[in-house]
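Asks: Let me give you the structure first, and then I'll get to my questions.
Quick note: the coordinates plus some simple rules give every number you see, no bench work behind them. Remember, predicted model here, so these are calculated numbers, not experimental data. Quick reminder, even Gly has a Cβ in these numbers, built from the backbone with ideal geometry, and neighbours come from all protein chains shown.
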Amino acid sequence: MRGTVQGVGFRPAVYRTAVSLGLRGTVCNDGSRVTIDIDDGERFLEKFLKELPPLAKIESIEKEASELPDSISGFSIVGSGSGPRDGFSIPTDTAICDRCIEDIRSGRRKGYPFTTCTDCGPRFTLLRSLPYDRMNTSMGGFGLCPACGKEYTSPEDRRFHHQTVCCGECGPTYRLVDKDGIAIPGDPIRGFAELLRDGCIGVAKSWGGMHICCLLSETARMREWYGRKQKPFAVMVKDLDSARKYGEPTPEEEAQLTSPLRPIVLVRKRVSEISELVSPGLDNVGMFLPYTGMHHILFDLLGEDALIMTSANVPGEPMILDDSDVLVLGADAYLLHNQEIVNRADDSVVRLYGNNTFYIRKSRGAVPSHIDVPCRGSAVAVGAQENLAGSVAVNGRIYPTQHIGNGEGIGVPEYLETAIRFQMSLTGCEPQIVAEDLHPAYLNRRFASELAEEYSADLIDVQHHWAHVASLMTDRGGIEHMTGLAIDGTGHGDDGQAWGGEILSCDYSGYKRLAHLEYIPLLGGQKALTDLRRLRFAIDSMNGDGNHTSFSDSEAAILEKLMGKSVMTSSFGRLLDALSFYLGICDIRTYDGEPAMKLEPLLAKGTLTEGFETFTENGVIRTAHLFSHLDGCGNKADAAYSVVYNVLKEMVSSAAEDAEANGERYIGITGGVSYDTPIVAMAEKLAAEHGLELLCHNRVPNGDGGISTGQAAIALHRI
């Protein structure tokens, strides 16, 4: 049997079914599969398939007739084998189940935060190698006490052969230290709760990483201390009632919040002084529910219903894992434990749109995962630069890594290499081809070159927006050609310019650029991405307006000289940045996507008004002239909506013409801007007017976190 069959209580379930039927035989982990030798396979299967463990998923069953030796007189679980790695599927870290929550509130595990069973708990973040046995996890150094040993060997117990079974007598433990690393005596979690209640900022080690946390009332201090003036914080709420207190989750969002994956879910926020501090200028807030025993114990002791919880890292660097490194953060207190985190995994972040799940960050709870593709061969893809993730492809499947981070950050390229090599080891991937982004300055290209040389593999460059559309084709499955809107902040184009507002006609062997947004100069290059005045200067100059009030005469003279020398961009993201600045929403971009995100509430409530029509000329969708009409529109929401709607109208029209010529009844939308649900809703409406369906992401991240999936699919088709 292949599928999610290791680390989920699969062998114990096989054992119980076989024994209940009086059958003889054995079961073992065998590479990435489970092998069952049994004297009546059909009787066994008929019952077993109705009694699968909650986390198990069988993807294929291969049967082979053979004689069971007479020497086997009962049924037993035997030692693991070393079979093939095809079909590798390890379960994700799964939130502590209700029965284990009961256990930490009464009985011999009362107050023990590492309580889990075969139905829940960390898997991927503590896994060193396959097969999934205790010795191959970070629990290998913790022996079993007699009580846990009895549970492990008792077929009727739900911790029978649970590889990470432990208790307060034999398992990992928490400790509490102050800002200097000096131990604070007493119950660690209780002491941490008291410090938080007193207004302290703390760091708590969890599964897959650490969180910086504080009370909601300390949000302003947290922003000052952490140097995060505007970027939204995620909020962990005690339960669904608390989620409804601070937000307005839909039934579908509540289902995500309570799912075993426990992602951060973007929900509409209830406006208050606190909520505005948590996510300034936005109409949503990222919420998630407790997923470890420690979280539940902490809330029980805290007397509060919500905490700020954000990944514990030096800004721009990967999340900290080692206790010895974490003191550099300068928090007031640290709640740490002695169970090693093998694989770092940030919290996953999702946004729902209709029946689609938009993964803003795909990591803890959602990785490992795979997507089936109709191509054999082995490939590795190293992704782009922002919101980085890699992918490993083997045996007709693409396995993305967990979210890595921004490629320019200290330690991020090394983290990417570690994550990719670990996926390679689990899947047995020996790449025949390595794919990288076309941008010549991306730091992960060095690793791509080294990997290609190491395996004598081909090395290919894949244009950024082609990879976006390919990732959507792969996400939707069974699509060999797509005309798509690839809309994001930036991606290196074939002409050396910064693309980002593209209509591409794509298959896996190549693409054609049908149309794009009008080029706008990025005055000063990277500076124009944060200092939005430069975007306005460029657009005003294009419109013949020389009244540059934001700059001195000498500054304006320098910028005017740059107009014909700067890198040009067709980016939809920069269009939204400029619109946000013109309308007085955002002056400086302090985090990725900020101006566009703060513009979104206007787009959500705006209506179409006249005066913002545009046109396409020789494949170029004109945009600059739209900004000269903004001052004459008294309603900012209507102005924002009308500009975006009319630009999208031209884009969809171009895409629809190509789709119809190809006999396709759909177009796609992908890239970071497609996280903006009002924009997707506009595009969906416009596509429907052409009788076309708009295809969105559901499994692969819309943004750059999905780039490596597209790269891998293109690479597989190449071989």
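Asks: What is the spin-label model distance, in nm, from Ala661 to Ser154 if the labels are put 7 Å beyond Cα along the C-beta direction?
Replies: Modelled inter-label distance: 7.1 nm.
Asks: What is the set of long-range amide H partners of Ile264 at a cut-off below 5 Å, with H atoms built 1.01 Å from backbone N?
Replies: Ser348, Val349, Val350
Asks: Next question. Please identify which residues in segment 158-201 have an amide N closer than 12 Å to a label point set 7 Å out from the Cα of Leu327, following the Cα→Cβ vector.
Replies: 177-183
Asks: While we're here: What Rg and what Dmax come out for segment 2-77 when only alpha-carbon atoms are used, in angstroms?
Replies: Rg then Dmax for segment 2-77, in Å: 11.6, 34.
Asks: I'd like the trypsin sites (Lys or Arg not before Pro) in segment 547-650 restricted to DSSP loop residues with at most 13 other Cβ atoms within 10 Å, sorted by number. Could you put the intermediate results ahead of the total?
Replies: Details: sites: Lys561, Lys565, Arg574, Arg589, Lys598, Lys605, Arg622, Lys636, Lys649; in loops: Lys565, Arg589, Arg622.
Sparse-neighbourhood loop trypsin sites (Lys or Arg not before Pro): Lys565.
Asks: Suppose we flag GluC sites (Glu not before Pro) only when DSSP calls them loop and at most 10 other Cβ atoms lie within 10 Å. Which is the longest uninterrupted stretch of the chain? Intermediate results must be reported in sequence, preceding the final value.
Replies: Details: sites that count: Glu62, Glu64, Glu67, Glu156, Glu610.
That gives 157-609 as the longest site-free run.
Asks: Mind checking which of Leu352, Val367, Met236 is farthest towards the positive end of the chain's charge dipole, using Cβ charges of +1 (Lys, Arg) and -1 (Asp, Glu) about the Cα centre?
Replies: Met236
Asks: If you don't mind, another one. If the only charges are +1 at each Lys and Arg Cβ and -1 at each Asp and Glu Cβ, what is the size of the charge dipole of the chain around the Cα centre, to the nearest 20 debye? Write out the running numbers ahead of the final one.
Replies: On the way: 69 positive and 97 negative charges, 288 e Å.
Dipole size: approximately 1380 debye.
Asks: Mind checking the alpha-carbon convex hull of segment 571-669 and giving the volume per residue in Å³?
Replies: Details: hull volume 11.0 nm³, N = 99.
Hull volume over Cα atoms, normalised by residue count, gives 111 Å³.
Asks: Next up: Roughly what % antiparallel, to the nearest 5, for the DSSP beta bridges in the chain?
Replies: Within the chain, antiparallel bridges account for around 70 percent of the total.
Asks: With θ set to phi - 60°, apply the Karplus curve 6.51 cos²θ - 1.76 cosθ + 1.60 along segment 138-153 and write out the HN-Hα couplings as whole Hz, x wherever there is a Gly or Pro.
Replies: 6, 8, x, x, 10, x, 8, 6, x, 5, 5, x, 5, 4, 5, 9
Asks: What base-10 log of the normalised intensity I(q)/I(0) is obtained for segment 324-433 from the Debye formula, alpha carbons as equal point scatterers, at q = 0.18 Å⁻¹?
Replies: Ignoring solvent entirely, the Cα scatterers give -1.00.
Asks: Glu613 to Ser628: extension gain in nm, 0.36 nm per residue of separation minus the Cα-Cα distance?
Replies: Value of the extension gain: 4.2 nm.
Asks: If you count the DSSP beta bridges with both ends in segment 345-491, what percent of them are antiparallel, to the nearest 5? Kindly include the intermediate steps, with their values, before the conclusion.
Replies: Details: 15 of 24 bridges.
Here the antiparallel bridges make up roughly 60 percent for segment 345-491.
Asks: Shifting gears a bit: Just to confirm the number: angle between the C-alpha axis of helix 10-20 and the first principal axis of the chain, 0 to 90 degrees, nearest 10?
Replies: Tilt relative to the chain: about 40 degrees.
Asks: I would also like to ask the following. Using DSSP to define loop residues, name the trypsin sites (Lys or Arg not before Pro) in segment 1-63 whose beta-carbon has at most 10 other beta-carbon atoms within 10 Å.
Replies: Working: sites: Arg2, Arg16, Arg24, Arg33, Arg43, Lys47, Lys50, Lys57, Lys63; in loops: Arg24, Lys50, Lys63.
Qualifying residues, ordered by number: Lys50, Lys63.
Asks: Let me ask another. Search the structure for amide H atoms under 5 Å from the amide H of Asp39, placed 1.01 Å from N in the peptide plane, and list their residues when 5 or more places away or on another chain.
Replies: Distant-sequence amide H within range of Asp39: Arg24.
Asks: Equivalent ellipsoid semi-axes for segment 305-372, as square roots of 5 times the alpha carbon gyration tensor eigenvalues: give them largest first, rounded to whole Å.
Replies: Numbers: eigenvalues 155, 51, 25 Å².
With the √(5λ) rule applied to segment 305-372, the semi-axes are 28, 16, 11 Å.
Asks: Going by Cα centres, segment 146-202 and segment 568-638 are how many Å apart?
Replies: 51
Asks: So if I take the alpha carbon set of segment 438-546, get Rg, then get Rh from the Kirkwood formula, what is the Rg over Rh ratio? Each step should come with its number before you reach the end.
Replies: Details: Rg = 17.1 Å, Rh = 16.1 Å.
Answer for segment 438-546: 1.06.
Asks: So what does the Cα-only Debye profile of segment 481-695 read at q = 0.09, 0.10, 0.12, 0.19 Å⁻¹, as log10 I(q)/I(0), no solvent term?
Replies: The Cα Debye sum returns log10 ratios of -0.33, -0.41, -0.59, -1.45.
Asks: Right, next: Pull out the extension gain between Leu49 and Glu560, defined as 0.36 nm times the separation in residues minus the alpha carbon to alpha carbon distance; nm, one decimal. Could the numbers behind the result be given before it?
Replies: Values: separation 511, 0.36 × 511 = 183.96 nm, distance 7.11 nm.
Separation in residues times 0.36 nm, less the Cα-Cα distance, equals 176.9 nm.
Asks: Find, to one decimal place in angstroms, the Kirkwood hydrodynamic radius of segment 374-507, where the mean of 1/r is taken over every pair of different Cα atoms and then inverted.
Replies: On the way: mean 1/r = 0.0657 Å⁻¹.
In segment 374-507 this quantity evaluates to 15.2 Å.
Asks: Also, quick follow-up: Can you give the three extents of the C-alpha atoms in the chain along their principal axes, from longest to shortest, in whole Å?
Replies: Computed over the chain, the largest-to-smallest principal extents equal 90, 61, 46 Å.
Asks: If you wrap a convex hull around the C-alpha atoms of segment 219-313 and split its volume per residue, what is the figure in Å³?
Replies: Each residue corresponds to 101 Å³ of Cα convex hull volume.
Asks: Sticking with this one: Set Lys and Arg Cβ to +1 and Asp and Glu Cβ to -1, take the dipole of the chain about its Cα centre, and tell me which of Cys214, Ile61, Ser571 lies farthest positive.
Replies: So the residue furthest toward the plus end is Cys214.
Asks: List the equivalent ellipsoid semi-axes of segment 174-349 in whole Å, largest first, each obtained as the square root of 5λ for an eigenvalue λ of the Cα gyration tensor.
Replies: Working: eigenvalues 123, 59, 51 Å².
Whole-Å semi-axes of the equivalent ellipsoid: 25, 17, 16.
Asks: Evaluate the distance, in nm, between pseudo-label points positioned 7 Å from the Cα of Phe551 and of Asp239 along their respective Cα→Cβ axes.
Replies: 5.8
Asks: Find out how many positive minus negative residues lie around Pro69, taking Lys and Arg as positive, Asp and Glu as negative, among other residues whose Cβ is under 12 Å from that of Pro69.
Replies: Details: positive: Arg24; negative: Asp37, Asp39, Glu67, Asp70.
Value of the local net charge: -3.
Asks: Right, next: Under 20 °C and 1.002 mPa s, how fast does segment 1-150 diffuse according to Stokes-Einstein, given a Kirkwood radius computed over C-alpha pairs? Answer in µm²/s, whole number.
Replies: Numbers: Rh = 16.6 Å.
Reported coefficient: 129 µm²/s.
Asks: Amide H to amide H, which residues 5 or more places from Val462 or on other chains are under 5 Å from it, using H placed in the peptide plane?
Replies: Long-range HN contacts for Val462: Glu436, Asp437, Leu438.
Asks: While we're looking at this one, here's another question. Starting at the first residue of segment 623-634, write each ³J(HN,Hα) from the Karplus equation 6.51 cos²θ - 1.76 cosθ + 1.60 with θ = phi - 60°, in whole Hz, x for Gly and Pro.
Replies: For segment 623-634, the Karplus curve yields 10, 4, 5, 4, 6, 6, 9, 5, 5, x, 9, x Hz.
Asks: Considering only segment 481-695, what is the antiparallel percent among its DSSP beta bridges, to the nearest 5? Present the calculation step by step, with values, prior to reporting the outcome.
Replies: Numbers: 19 of 28 bridges.
Roughly 70 percent of the beta bridges in segment 481-695 run antiparallel, per DSSP.
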